[in-house]
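Each remark here refers to the structure printed beneath this line.
Just so it is clear, none of the values below were taken in a lab; they were calculated from the coordinates. Predicted, not measured: the structure shown is a model, and the values here were computed from it. Note: ideal-geometry Cβ built from the backbone for every residue, glycine included; neighbour counts use all protein chains shown.
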Amino acid sequence: MTINLEATTKIETTVEELRFSILAQAIRDLSSTDRKKVEKSIDWIISKDFDLICKELDLGSESLRESMLEILGMTKIEMKKACEDTISTLRASLWQKKTRL
């Protein structure tokens, strides 16, 4: 039995991208004008699923959760910018971790 390492690496990368996309969407939804989206995002960010995604991405869930909930006290314009800045920072952090391997 041979294992195709290239295929395995692609699958791992795709799964990581999917996890990051879920996290990024939840962060974006915090600044939504749709109250239901905001509420669902908050519910998810305080859930064990959030902890699991953060663990799988090697991110600190507690500090990220705290940062995300602090955003809720901002104006909508400030929230949108803070959410996008957070996503960019997380993406850069994950990229750096991946290139160190």
Given LYS37/LYS98; LYS76/LYS98; LYS55/LYS81; LYS37/LYS81; LYS37/LYS97, the pairs whose alpha carbons are separated by over 29 Å: LYS37/LYS98; LYS76/LYS98; LYS37/LYS97
Using θ = phi - 60° and Karplus 6.51 cos²θ - 1.76 cosθ + 1.60, couplings along region 49-61 (whole Hz; Gly, Pro as x): 4, 4, 4, 5, 4, 4, 4, 5, 8, 6, 10, x, 5
Förster radius 25 Å - calculated FRET efficiency between TRP95 and SER61, Cβ distance, rounded to 0.05: 0.80
Entry for Rg and Dmax of the Cα atoms in Å (calculated from the structure that is shown) out of (1) 12.9, 37; (2) 15.3, 57; (3) 14.3, 41: (2)
Expected 222 nm ellipticity per residue - DSSP helices of 4 or more, -39500 (n - 2.57), all of the chain, to 500: -26500 deg cm²/dmol
Local electrostatic count at ASP51 - Lys and Arg +1, Asp and Glu -1, tallied over other residues with Cβ under 12 Å: 0
Order of MET74, MET79 - criterion: other Cβ atoms within 10 Å of each residue's Cβ, fewest first: MET74, MET79
